[in-house]
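K.L.:
My structure is below; once you've seen it, I'll send some questions.
The values are calculated or read from the model by the stated rules, or taken from the named source; none is laboratory data. Just so it is clear, the structure is predicted and the values come from calculations on it, not from any experiment. We place every Cβ from the backbone using ideal geometry, glycine too, and count neighbours over all the protein chains shown.
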Amino acid sequence: MRAGLLRRVINLWPPLYGSGIRITRLSSDFHEAEIALRQTWLNGNRHGAHFGGSLFAMTDMGYAFLLGRIMGPDYAVWDKSGEIDFVAPGRGTVTALFCLSAERVAEIREATRDGAKYLPVFDVDVLDSAGALVARARRTLYVRKRRPTAGSLDKAGDRPISG
């Protein structure tokens, strides 16, 4: 599925749509995405700022989504863990830019080439509309090349692999 269409479909996914989280930009090669969170009465706290859980949630899918699309169906890519440091109150629309360099992707492919798991760590900043830092999140992914399963085809695609 092309990036633009996929972006529109994912933006309708109830957990994102209901929380005000949107993918506002998605590169055609899936190496970059911008995710925005607009403030509503549903995701604000008693101080008039974004609820911290909403800020953390907007960082949840970014790197796992991008890397999963880049690595393809032969790889398992999961968001393993995360942490966030709240720096300043976030008000209005806040954004986070997720970028995966070709070098980082190559590093992950090399580390998982033989089927080993790899736990790459990524940092992402959440910024307000003036560009001020609101929060910094750290996400750890789980990446592993999938093992062939019984009934799947061999590399040539013409012979079943016996279990």
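K.L.:
Testing residue 9 on (1) surrounded by 12 or more Cβ atoms within 10 Å (Cβ to Cβ); (2) under 30 Å from residue 146 (Cβ atoms), one condition comes back false. Which one is that?
P.N.:
(1)
K.L.:
Do you know which residues across the stretch 98-138 are assigned to a helix (DSSP H, G or I), buried (at least 17 other Cβ atoms within 10 Å of the Cβ) and either of a type in the set (A, V, I, L, M, F, W, C) or in contact (Cβ under 8 Å) with a residue 40 or more places away in the chain (or both)?
P.N.:
Once the filter is applied, which keeps residues that are assigned to a helix (DSSP H, G or I), buried (at least 17 other Cβ atoms within 10 Å of the Cβ) and either of a type in the set (A, V, I, L, M, F, W, C) or in contact (Cβ under 8 Å) with a residue 40 or more places away in the chain (or both), the stretch 98-138 yields 105, 108.
K.L.:
Out of 59, 40, which single residue is part of a loop (DSSP other than H, G, I, E, B), touching a residue at least 12 places away in the same chain (Cβ under 8 Å) and under 22 Å from residue 140 (Cα atoms)?
P.N.:
Values: 40 fails: under 22 Å from residue 140 (Cα atoms).
Criteria check complete, one pass: 59.
K.L.:
Follow-up question, since we're still on this one. Here is a check on your reading of the model: is residue 144 in contact with a Ser or Thr (Cβ under 7 Å, 6 or more places away or on another chain), among the charged types (D, E, K, R), at pLDDT 95 or above and buried (at least 20 other Cβ atoms within 10 Å of the Cβ)?
P.N.:
Taking the combined requirement at face value, the residue does not satisfy it.
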